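Reviewing the structure listed below.
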Amino acid sequence: MKAMVLEEPGKALVERELPIPEPGEGEILVKVGACGVCRTDLHVVDGELPEPKLPLIPGHEVVGTVVSPGPGATRFAAGQRVGIPWLGRTCGRCRFCRSGRENLCENPEFTGYTRNGGYADYLVADERFAFPLPEGYGDGEAAPLLCAGLIGYRSYRLAGPGEKLGFYGFGAAAHLLVQLAVAQGKEVYAFTRSGDVAAQNLARELGAVWTGASTEAPPVPLDAAILFAPAGELIPAALRALDRGGKVVCAGIHMSDIPSFPYRLLWEERQIASVANLTRQDAEEFFSLAARLHFRTHIHSYPLSQANAALSALREGRIAGAAVLFPGSGRK
């Protein structure tokens, strides 16, 4: 099979011909139909996340078809379409797993980081951490749901019930969550890089009531803000935009250092929270919403062999929506 392989962090991926993997106990072999390109992939490839499995096949927004179940795997049959997200396996025994917080598992495995992911023709996955996908989405349309959607949804829930919501960074996650927010009657204020006309146009098209640069103040105080951009300097800016009792939610796995800021920005019961990973319950809830609302996913298609080009476009802020890789003969 063809695979794009990370051999050394900070270096470009290398195209390799590898044996098709065999599913182990409780695993499924999946033929990849599409794999989204996530900012977390950038953090892995660029060496900002420590100790990846090497050599590594990145990718954790995987949509594919089950080829064969491994020993003891009974959840999916050959031919079923599944989605495979970032959380690839948990121990099920630590205090976090036992208390319904498997996203904080002490001994987890992550798809495309500590186990091989979907920048390939095939991958194997723990069947307990694969999900049936809603009908009505093509493989490419469904791919961003697997992380941009799932982590975005967890961030959205943590932001609370406020009506005025700010998104800092309008990429793959924000372009899905704005649709959920609008459907639930919220007002969305979209903050982008200065001069990013494409992202601002997309935000307004999808229902944002205001768009502006990340350094601008919104026209009204916000009840909550979600930071999708991995820029620590935006936290003080987001705090300034909040109303009393508001919350800033940091949705990324990696962020640049947060500069010092005066306590008055945090006072009046403002909060800062982070989001880590996801749970299977998050996935079940979000896919139920995706089936009902049918999110519009704006994707930029790349053949698998152009994974480095897709990563570069994401790194340079040239993607409005989501980038998706297609192995084999192309887009589906």
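The values are calculated or read from the model by the stated rules, or taken from the named source; none is laboratory data. All figures in this text were calculated on a predicted structure; none of them were measured in a lab. Ideal geometry is used to build each Cβ from the backbone, glycine not excepted, and the neighbour counts take in all protein chains shown.
Is it the case that L145 is under 17 Å from G36 (Cα atoms) and modelled with pLDDT of 95 or more?
yes
Going by what's in this entry, would A251 be described as touching a residue at least 60 places away in the same chain (Cβ under 8 Å), farther than 14 Å from G152 by Cβ and either not hydroxyl-bearing (S, T, Y) or not assigned by TED's automatic domain parsing to the domain that holds Y119 (or both)?
It is false that A251 is touching a residue at least 60 places away in the same chain (Cβ under 8 Å), farther than 14 Å from G152 by Cβ and either not hydroxyl-bearing (S, T, Y) or not assigned by TED's automatic domain parsing to the domain that holds Y119 (or both).
For residues in region 207-231 being under 19 Å from L158 (Cα atoms) and of a type outside the set (A, V, I, L, M, F, W, C), which is nearest to the chain's Cα centre (by Cα)?
Among those that are under 19 Å from L158 (Cα atoms) and of a type outside the set (A, V, I, L, M, F, W, C), it is P230.
Please go through region 91-112 and give me each residue that is touching a Pro at 6+ places or on another chain (Cβ under 8 Å) and either exposed (fewer than 11 other Cβ atoms within 10 Å of the Cβ) or on the phi > 0 side of the Ramachandran plot (or both), ordered by number.
G112
Which of the residues belonging to region 220-238 are touching a strand residue (DSSP E or B) at 6+ places or on another chain (Cβ under 6 Å) and either not assigned by TED's automatic domain parsing to the domain that holds G171 or not β-branched (V, I, T) (or both)?
Across region 220-238, the qualifying residues are P221, L222, D223, A224, A225, L227, A229, L234, A238.
Do any strands (runs of 3 or more DSSP E) entirely within region 239-322 hold 2 or more residues that are in contact with a helix residue (DSSP H, G or I) (Cβ under 8 Å, 6 or more places away or on another chain) and within 30 Å of E8 (Cα to Cα), and if so, which?
Of the strands (runs of 3 or more DSSP E) lying wholly inside region 239-322, those with at least 2 residues that are in contact with a helix residue (DSSP H, G or I) (Cβ under 8 Å, 6 or more places away or on another chain) and within 30 Å of E8 (Cα to Cα) span 299-303.
Is it the case, given these coordinates, that V197 is of a type outside the set (S, T, Y) and either free of Cβ contacts under 8 Å to residues at least 12 places away in the same chain or in the same structural domain as L314 (by TED's automatic domain parsing) (or both)?
yes
Listed residues S260, S312; which is outside the structural domain of T90 (by TED's automatic domain parsing), over 14 Å from F167 (Cα atoms) and surrounded by fewer than 16 Cβ atoms within 10 Å (Cβ to Cβ)?
Answer to the check: S260.
Before we move on, is T74 outside the structural domain of R240 (by TED's automatic domain parsing), under 21 Å from the mean Cα position of the chain (by Cα) and under 29 Å from L18 (Cβ atoms)?
no
Restrict the check to region 122-130 and report whether at least one residue is in contact with a Leu (Cβ under 7 Å, 6 or more places away or on another chain) and either β-branched (V, I, T) or without any contact (Cβ under 8 Å) to a residue 12 or more places away in the chain (or both).
Within region 122-130, one or more residues are in contact with a Leu (Cβ under 7 Å, 6 or more places away or on another chain) and either β-branched (V, I, T) or without any contact (Cβ under 8 Å) to a residue 12 or more places away in the chain (or both).
Only one of G83, G88, G64, G59 is in a loop (DSSP other than H, G, I, E, B) and in the same structural domain as I28 (by TED's automatic domain parsing); which?
Within the list G83, G88, G64, G59, the selection yields G59.
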